[in-house]
Each structure stands twice: as structure tokens, then as C-alpha cells.
Amino acid sequence: KRQHDQQSSNEIFIDEISHLSDKDQANHIADVFSAVSCEYEPLKSEDIQLPSKIDNIPIFTAESVLPYLKQIKTNKSNVLGDIPAKIIKEFAEYLSTPYAHLLNAMIKRGEYPHIWKMEIQTPVPKVYPPSTVKELRNISGLLNFDKITQTIFGEMITEDMKEKMDPSQYGNQKSTSIQHYLLNMLHSILTSLDKNSKKGQLQ
């Protein structure tokens, strides 16, 4: 009965931290999820040396960002308090101009909006009922304009490093995934086995 009730309810009961208050449980789960960001020293902005003069700095226009605003997926859930994707898509023509100005300011100042560095974490149980925090999966929610900006900058970075990219790079590219690497690995193994002499083949 407990398993059925938990699957049909938004509340998550974890035996490991059940003795804590709701606030302390939430803080404990957040600490576990954010632990991965503490594995390395944070990047210090003063260590980044920006050139005094940049001739090829990208300039965004309303026309260049408009397609990204129109292509936003409206069937995805939105973070609480965020501008709905349907509104962004519907009023893309009006939002494209201030959004382009914001991107240009970000590039010139070398700053990323603090609010876009945050994410809303939703813990989802991997098994029912979860007994430890490690049995929770973190579902991250980002603001819609943050996701659009990451798409734009991601394409620019990928295009910029395209000539020096490792031929065996299977991530961060459109229409590629880890499955392509696995297929390539299996192909290499089978090809090597086929080239073996009868004496060298496995018995």
C-alpha cells in the first residue's frame, strides 16, 4: 500500500532522512545533488584574461536570434515562475530585439546572467520506496532563455573548434551520440578478429 501511495503522490519518503524536518531533508538532498560541482576548484573570473581589442566579436541582431525563439519547444515543462515557452514563441518578434541586446552586452562584458546560472532540482525516485538519497535521480530545470542561449553559444563554440576537433569526438555534435562510438568500437573488434589467421583465432 505504501508503494502504491508513493507512486501516486508528489511526496517522497526516504527512510535514511525521515527523522529530519522537511526543510532539513530538502537541504540534505540539495547538498548531495550539488556535491558534483564541488569536486573541482571554481573558475575565478580574475584569472580570465580578455583581449583589450576584439575585432571578430560576434554581433547578434534581432533577425539572427528570431529563429531560435520561434523554435523553442512548447511541449516541455516550464520552471515555476519562468516565462512560458508558448509566450516566448508567440511573441518572438517582439522579444528578439531586447534579447539580441542582452546577448551583445553579455559578450562585450564577458558576463553570464547570475539568474541563468541557477537550476531548479526535482528529486525523482529510481526505485520505490527509496531508502537512501542515492536512490534519487536529479531532474534539472533551467529557465527558457537560458536554454536558448546555451543552444546559440553551443553552436558557435562547436563551429569555432570544428577544424581542431578530434575525429573520434562523438559528443557535442548534432546527429551523433555515444551509440555511434559503441558501433565503431564493435566494428573495430570484429574487423580485427576477421583479419586474424586461423592460428591466432580463438578456439
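Miscellaneous remarks
- Bins of 10 Å from zero: percent of alpha-carbon pairs in region 59-161: 13, 38, 29, 13, 6, 0
- Surface analysis of region 38-104 yields an accessible area of 81 Å² per residue, using protein heavy atoms and a 1.4 Å probe.
- Centre separation in Å (Cα based) which lies between region 23-100 and region 111-130: 14 Å
- With 19 Å as the limit on Cα-Cα distance, the pairs of K76/K147; K86/K147; K73/K108; K73/K147; K44/K162; K73/K162 that go past it are K73/K108; K44/K162; K73/K162.
- Computed extension gain for L43 through H19, at 0.36 nm per residue and net of the alpha carbon distance, reaches 4.9 nm.
- Amide H contacts of L136 (H built 1.01 Å from N, in plane; Pro and chain starts excluded): K126 sit under 5 Å, all sequence-distant by 5 or more or on other chains.
- Share of carbon and sulfur in the accessible heavy-atom surface of region 24-167 [1.4 Å probe, %]: 56 percent
- For region 78-171, GluC sites (Glu not before Pro) meeting the loop criterion (DSSP other than H, G, I, E, B) and having at most 16 other Cβ atoms within 10 Å: E111, E119.
- Here the Karplus relation 6.51 cos²θ - 1.76 cosθ + 1.60, evaluated at θ = phi - 60°, turns the backbone of region 101-117 into coupling constants of 4, 5, 4, 5, 5, 4, 5, 5, 8, x, 10, 10, x, 4, 5, 7, 8 Hz, with x for every Gly and Pro.
The values are calculated or read from the model by the stated rules, or taken from the named source; none is laboratory data. The structure displayed is predicted, hence computed values, not measured ones. Because the Cβ atoms are built from the backbone with ideal geometry, glycine has one as well, and the counts that use them run over all protein chains shown. For the accessible areas, the whole protein counts, side chains as well, though only heavy atoms, and no ligand, DNA or RNA atoms are used. Shrake-Rupley method; radii C 1.70, N 1.55, O 1.52, S 1.80 Å.
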